[in-house]
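To start, the structure itself, in structure tokens.
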Amino acid sequence: MKEKRKERCEGAADEVTEEEEARFASARLRMVERLRRQRIADERVLDAMLRVKRHLFVPPHLRSYAYEDCPLHIGEGQTISAPHMVAIMCHLLDLRKGEKVLEVGAGSGYHAAVLAELVGEEGHVFTIERIRSLVDFASQNLKKAGYEHRVSVFFGNGSLGLPKFAPFDKICVTCASPDVPPPLVEQLKEGGKMVIPLGSVLQDLYLIEKTRSGGIRKERKCAVSFVPLIGKYGFRER
Ligand code: SAM
């Protein structure tokens, strides 16, 4: 009988057999090839996505869809972003080894793991999430996937940033805001970059660069669709 490797979460549905692991590895390779065909040409980002096991970041009943290029429900009305969106945001941030990154909206923890691959062992990712159960979900997933020492997960309102750990080289906001939250600009290093979806119904992804004089340069990149950033500097909860 094939030996089953039990993962940290309880329950039979959470077990992944060696055969399934092999199937997921092939699916991951196909996902990356598909992204390459969609003209995502940043090989560092694609390599990072090849290393992160996305199936460990989705609820067990959705694992067979883990490598499809679509967002998936992770509970609490929230989603893990589609792989192409993770790739685009990571590419725009132009991440380098040793950088310190803030992510707003931990969700499943997947995007944080890809960011961690890009900044390497010398860097660190701080991710903040406003829904307590998702803080636990992201933390458990990151541990299962082996990123617990490279990613720190916090509970709180990410529109305020994480002043205790600022300044950050890069900031990745994974929920849509009405405007760029001033605390995030303050906590970005001069010369640092931030990606952030702006807008409510119609949203666009922006690349923000903090200039040497402390101002910002803002460039629209593409139309997107994200869940809202809730809280001070974001939208009101409905
Ligand atoms: N990066 C996540 C991943 O890899 O699974 C996907 C994030 S999901 C698209 C957006 C997340 O932002 C949700 O989990 C939501 O709860 C969170 N969020 C919304 N407003 C927030 C806030 N003010 N502070 C922190 N997280 C927030």
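The values are calculated or read from the model by the stated rules, or taken from the named source; none is laboratory data. Note that the coordinates shown come from a computational prediction; the quantities given were computed from them, not determined experimentally. Cβ coordinates were reconstructed from backbone atoms using ideal geometry, including for glycine residues, and neighbour counts include every protein chain displayed. SASA here: full protein model, heavy atoms, side chains in, ligands and nucleic acids out. Shrake-Rupley method; radii C 1.70, N 1.55, O 1.52, S 1.80 Å.
A few comments on the model shown:
- Solvent exposure of the chain, expressed per residue, is 49 Å² of accessible area, with all protein chains present and a 1.4 angstrom probe.
- Simple Cβ-charge dipole of segment 18-224, Lys/Arg +1 and Asp/Glu -1, about Cα centre, in debye nearest 20: 320
- Efficiency of FRET between H61 and H149 - r from beta-carbon atoms, R0 25 angstrom, step 0.05: 0.30
- Of M85, F155, M49, farthest towards positive along the dipole that unit charges on Lys, Arg, Asp, Glu beta carbons give the chain: M85
- Using the Cβ-Cβ distance between K218 and T17 with R0 set to 45 Å, the FRET efficiency from 1/(1 + (r/R0)^6) comes to roughly 0.40.
- Cα→Cβ-extended label distance, 7 Å offset, between A82 and R51, nm: 2.6
- Label zone at R238, where the point sits 7 Å out along the Cα-to-Cβ direction: segment 193-221 residues whose backbone N lies under 14 Å: 200-202
- Of R28, R39, R54, the one that fluctuates the most in a GNM where the chain has Cα springs shorter than 10 Å: R39
- Here the chain has 51 percent of its accessible surface on carbon and sulfur atoms, given a 1.4 Å probe and all protein chains in place.
- Two-site FRET efficiency, D136 against E33, from Cβ-Cβ distance with R₀ of 35 Å, rounded to 0.05: 0.55
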